Amino acid sequence: MDTRVLGADDWLVWRGLRLAALLDAPEAFTSTYADWVDAPAERRRERLAAAHNLVAAVDGADVGMVSGVPGDEVELISLWVAPGARGRGVGDALVEAVADWAAPRPVRLRVAPDNGHAIALYLRHGFVAGDGRTLVRVPA
């Protein structure tokens, strides 16, 4: 498995993964498929320019994505792994890549309380409960 950083010019790659994620797990995102399916290229470029975006590939196929939004604390958003690639460490690699990029800043994220698989993933990587749906990882 490989991970790579996407820039604003990689919007077509991001588009394909983003739309797949929104169709596969709409409850996990605040945006909807309808919000993004016909979005112009400029909107996609702006979204990519505002964050540190990573894609994971297995055997040359893009199978996962995540973004880290910079600030005093980094917000981890838009984590998704394609169903056929789950259980192969893709989510682990993406979470660690954002945490490594963010260091020494804390990383914060929001997760639905009924998303047990995602919560287990984040707990494995040192996140602890914050308030409400928030989990936080503070570097050692």
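The values are calculated or read from the model by the stated rules, or taken from the named source; none is laboratory data. A quick note: this is a predicted structure, and the numbers were derived from the prediction, not measured. With ideal geometry, Cβ positions are generated from the backbone for all residues, glycine too; neighbour counts draw on all protein chains shown.
Assuming ALA34 fulfils every condition listed in (1) of a type outside the set (Val, Ile, Thr); (2) within 13 Å of the chain's Cα centre (by Cα); (3) exposed (fewer than 12 other Cβ atoms within 10 Å of the Cβ) apart from one, which condition is it?
(2)
Taking the criterion of being under 26 Å from THR134 (Cβ atoms), among the acidic types (Asp, Glu) and at pLDDT 95 or above, would at least one residue in segment 9-17 satisfy it?
Within segment 9-17 (the criterion being under 26 Å from THR134 (Cβ atoms), among the acidic types (Asp, Glu) and at pLDDT 95 or above), the answer is no, since none of the residues qualifies.
Any residue that is surrounded by 14 or more Cβ atoms within 10 Å (Cβ to Cβ) and under 21 Å from ARG4 (Cβ atoms) - is there at least one of those in segment 130-139?
no
Closer than 26 Å to PHE127 by Cβ and hydrophobic (A, V, I, L, M, F, W, C): is that true of ALA34 in this structure?
no
Please determine whether any residue of segment 29-39 is touching a Phe, Trp or Tyr at 6+ places or on another chain (Cβ under 7 Å) and outside any loop (DSSP other than H, G, I, E, B).
So far as segment 29-39 goes, no, none of its residues is touching a Phe, Trp or Tyr at 6+ places or on another chain (Cβ under 7 Å) and outside any loop (DSSP other than H, G, I, E, B).
Restrict the check to segment 66-79 and report whether at least one residue is of a type in the set (S, T, N, Q) and without any contact (Cβ under 8 Å) to a residue 12 or more places away in the chain.
no
On the basis of being surrounded by 13 or more Cβ atoms within 10 Å (Cβ to Cβ), over 29 Å from VAL128 (Cβ atoms) and at pLDDT 95 or above, does ALA39 make the cut?
Spelling it out, ALA39 is indeed surrounded by 13 or more Cβ atoms within 10 Å (Cβ to Cβ), over 29 Å from VAL128 (Cβ atoms) and at pLDDT 95 or above.
For segment 104-116, name all the residues that are modelled with pLDDT of 90 or more and surrounded by 12 or more Cβ atoms within 10 Å (Cβ to Cβ).
Residues satisfying the conditions are ARG105, PRO106, VAL107, ARG108, LEU109, ARG110, VAL111.
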